[in-house]
1. Name every residue in the stretch 53-96 that is polar (S, T, N, Q) and closer than 19 Å to Val140 by Cα, in order of residue number.
2. Before we move on, is Tyr82 aromatic (Phe, Trp, Tyr) and either touching a residue at least 60 places away in the same chain (Cβ under 8 Å) or surrounded by fewer than 17 Cβ atoms within 10 Å (Cβ to Cβ) (or both)?
3. Just checking, how many residues over the stretch 107-134 are among the polar types (S, T, N, Q) and loosely packed, with under 14 Cβ neighbours inside 10 Å?
4. State all residues of the stretch 135-148 that are surrounded by 15 or more Cβ atoms within 10 Å (Cβ to Cβ), without any contact (Cβ under 8 Å) to a residue 60 or more places away in the chain and under 18 Å from Tyr99 (Cβ atoms); if no residue qualifies, say none.
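Read the figures in this text as sums done on the coordinates, not as results from a lab. Here the structure is a predicted model, which means the values were calculated and not measured. Neighbour counts are summed over all protein chains in view; Cβ atoms, including those assigned to glycine, are modelled from backbone coordinates with ideal geometry.
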Amino acid sequence: MFRFKLLGETDFDQMAQSNLEYDAQRDFTTLDAWKKARILKIFFYNEIIPTLPSEEKFNLCTQIRKASVSVTANISEGYGRYNYQEGIQFYRIARGSIYELKDHLTSCLDLSFIDKSLFDDGIVLIEDAKKTINGYIKFVKNRKESYG
């Protein structure tokens, strides 16, 4: 059985004062890097995966799903770490997953699962997401150097 302490009014007052800097309207979902990664994920799920043949269901399809989800998940996890260096490591993992998606997209083109125009659309989204995550990594590194 779990035991817990009921919080009194003064406990809530103390909690409220200690959380004055917290802004519930600002979290990882407000980051441009996460927003662009989300668009990239939706593109792969809605535009690329449906074009894959059934024999790729447990191969390329699975890899694309994992990589596309990994990008947004690692950005959100890094944001939640509240430690600059740990966050940077997660953002780098997200960037690696973006590169993985570029390879998967290239494979889809090479294997004639998609046409060149769909490939080009994907490359535009990939490059935009990659530039944005690189900029965010640079921003966080600068904050780390400024604030320790």
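1. Here is the first cut: in the stretch 53-96, the ones polar (S, T, N, Q) are 54, 59, 62-63, 68, 70, 72, 74, 76, 83, 85, 89.
Correct list: Thr72, Asn74, Ser76, Asn83, Gln85, Gln89.
2. On the way: aromatic (Phe, Trp, Tyr): yes; either touching a residue at least 60 places away in the same chain (Cβ under 8 Å) or surrounded by fewer than 17 Cβ atoms within 10 Å (Cβ to Cβ) (or both): yes.
Spelling it out, Tyr82 is indeed aromatic (Phe, Trp, Tyr) and either touching a residue at least 60 places away in the same chain (Cβ under 8 Å) or surrounded by fewer than 17 Cβ atoms within 10 Å (Cβ to Cβ) (or both).
3. Keep residues of the stretch 107-134 that are among the polar types (S, T, N, Q), which gives 107, 112, 117, 132, 134.
This time we only want the ones that are loosely packed, with under 14 Cβ neighbours inside 10 Å, so: 112, 117.
Residues meeting the conditions: 2.
4. Ile137 - this is the single residue of the stretch 135-148 that is surrounded by 15 or more Cβ atoms within 10 Å (Cβ to Cβ), without any contact (Cβ under 8 Å) to a residue 60 or more places away in the chain and under 18 Å from Tyr99 (Cβ atoms).
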